[in-house]
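The structure under discussion appears below in the form of structure tokens.
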Amino acid sequence: MKIGSVPAIIGLSAFTAQLSGCGYGELIRLYFQEQEYQKDQELIAEIKGALLADSDTRHAPVEIEAYLGDVRLSGMLASSKQKQRAEDITEQVSGVESVVNAIEVRGR
């Protein structure tokens, strides 16, 4: 059995999980949670890049949260045009399932 192979790692992890009292199912659940987290972080990075590439939203302080493709935008912007543009750009990013736009517009 080659130690670097995936089945060997899973087998070793399952054995270690049993010794530590953590079930194999729990180990698999944690693995998939980590995979989902990584995908969400990659999605956030793509959205940030798209917002930075646009002249209307380049300097906009937009906070981005993502969970399984569902994205929430928040922050405070100067205009409703910027708010809508941030939402439009986010919706165009591959992997985005839905967008909740909680960005507030400062009153002048």
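Test of the criteria: in the stretch 43-77, which GluC sites (Glu not before Pro) are in a DSSP loop and have at most 15 other Cβ atoms within 10 angstrom of their Cβ?
none
Excluding residues on the same chain fewer than 8 positions from Lys48, give the aspartates and glutamates whose Cα lies under 17 Å from its Cα.
Result set, ordered by chain and number: Asp40, Asp56, Glu63, Glu65, Asp70, Glu87, Asp88, Glu91, Glu97.
What's the extension gain from Asp54 to Arg72 if we count 0.36 nm per residue and subtract their Cα-Cα distance?
Working it through step by step, the gained length comes to 4.6 nm.
Order the peptides 52-60, 83-91 from the highest to the lowest mean number of other Cβ atoms within 10 Å of their residues.
Ranked from most to least packed, the peptides come out as 83-91, 52-60.
Order these by the 10 Å Cβ neighbour count, fewest first: Ile47, Ile64.
Ile64, Ile47
Every number here is computed from the coordinates shown, using simple stated rules; none is lab data. Because the structure is a prediction, the values reported are computed rather than measured. Glycine also receives a Cβ, built like all others from the backbone with ideal geometry; neighbour counts cover every protein chain displayed.
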